Amino acid sequence: ITKIFDGLNKNQTLHFLDISHNDINSIGIENSFPKLKICKLIELNISENKIGDEGLNLITDSLKNFPQIHVLKIANCGIEFKGFLYLCSHLVEMKRITTLDISGNDIKSNRFDQLKHYFVSFGIINLNISNCSLGDKSGSVFGECLCLNETIKKVKLSENKISEDRDRKSVV
């Protein structure tokens with residue numbers, strides 16, 4: 001991947017990069033992403049690579065090199081809450097990212113409420129957070145986060161082990 005990125009760094013016309021379904025890990029990210037400085041990426045898809053939180057943090061830090069990026073796809077990458085929180089803390093500054101696919105990552109947490117103040121300032125319009133094992137508690141907090149956000153227009157929330165609200169009193 002490092003050699004491919006060496007070649008990509010000389011390409012000033014590249015807008016879409018799909019490196020999904022490979023064997024890239026955080027070491028590959030660390031050796032590659034800092035090299036991409038002149039690309040004019042609009043969309044990056046690194047889904048289905050086991051980059052984990054460490055790789056996501058490196059990508060997040062490198063996003064400043066891509067001022068035109070709008071779409072970030074990081075589905076099924078072994079990301080957990082800590083990495084997602086780090087990304088969210090930076091999405092506030094990067095309002096240009098309008099589509100985020102984080103599906104298939106295990107981002108549930110007892111600290112999900114830490115995301116609330118980031119959701120107020122997101123520029124995300126399309127969010128795919130499917131199959132992230134949110135469960136009831138994180139799902140409830142996510143609902144509160146959606147109330148705070150005024151930009152999100154489309155949310156995919158399927159397969160998150162969210163049940164009905166059993167504590168709600170029936171209305172007669």
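Points to keep in mind about this one:
- Residues of the stretch 3-20 classified as acidic (D, E) and either closer than 14 Å to F66 by Cα or crowded, with 16+ Cβ neighbours inside 10 Å (or both), total: 0
- The set of residues from the stretch 63-80 being within 22 Å of Q12 (Cβ to Cβ) and either open to solvent by 10 Å² or more (accessible area, probe 1.4 Å) or free of Cβ contacts under 8 Å to residues at least 24 places away in the same chain (or both) comprises K64, N65, P67, Q68, H70, V71.
- Those strands (runs of 3 or more DSSP E) of the stretch 74-167 in which 1 or more residues are of a type outside the set (D, E) and more than 23 Å from L17 (Cα to Cα) occupy 154-156.
- There is at least one residue in the stretch 39-47 that is closer than 26 Å to D106 by Cα and either open to solvent by 70 Å² or more (accessible area, probe 1.4 Å) or touching a helix residue (DSSP H, G or I) at 6+ places or on another chain (Cβ under 9 Å) (or both).
- L63 satisfies every condition listed in (1) part of a strand (DSSP E or B); (2) more than 22 Å from E144 (Cβ to Cβ) except (1).
- Top-ranked residue in the stretch 34-53 [being part of a helix (DSSP H, G or I) and within 13 Å of the chain's Cα centre (by Cα); ranked as nearest to D18 (Cα to Cα)]: G52
- The residue that is modelled with the lowest pLDDT, among those in the stretch 21-38 that are buried (at least 18 other Cβ atoms within 10 Å of the Cβ) and touching a Phe, Trp or Tyr at 6+ places or on another chain (Cβ under 7 Å), is L36.
- Pairs where the first residue, in the stretch 124-145, is closer than 24 Å to I69 by Cα and the second is among the hydroxyl-bearing types (S, T, Y) and open to solvent by 50 Å² or more (accessible area, probe 1.4 Å), C-beta under 6 Å, 6+ apart: S130/S158
- Members of the stretch 11-20 found to be assigned to a loop (DSSP other than H, G, I, E, B) and modelled with pLDDT under 95, listed by number: N11, Q12, T13, L14, H15, I19
- Looking only at the stretch 71-122, and only at residues there that are of a type in the set (G, A, S) and modelled with pLDDT of 90 or more, the one that is farthest from I59 (Cα to Cα): S109
- Top-ranked residue of the stretch 81-127 - restricted to ones that are of a type in the set (S, T, N, Q) and closer than 13 Å to F142 by Cβ, ranked as surrounded by the most Cβ atoms within 10 Å (Cβ to Cβ): S109
The values are calculated or read from the model by the stated rules, or taken from the named source; none is laboratory data. All of these numbers come straight from a predicted model, not from anything done at the bench. Please note: Cβ atoms are built from the backbone with ideal geometry, for glycine as well, and neighbour counts cover all protein chains shown. The protein model used for the area step is the full one, side chains on, heavy atoms only, and it has no ligands, DNA or RNA in it. Shrake-Rupley method; radii C 1.70, N 1.55, O 1.52, S 1.80 Å.
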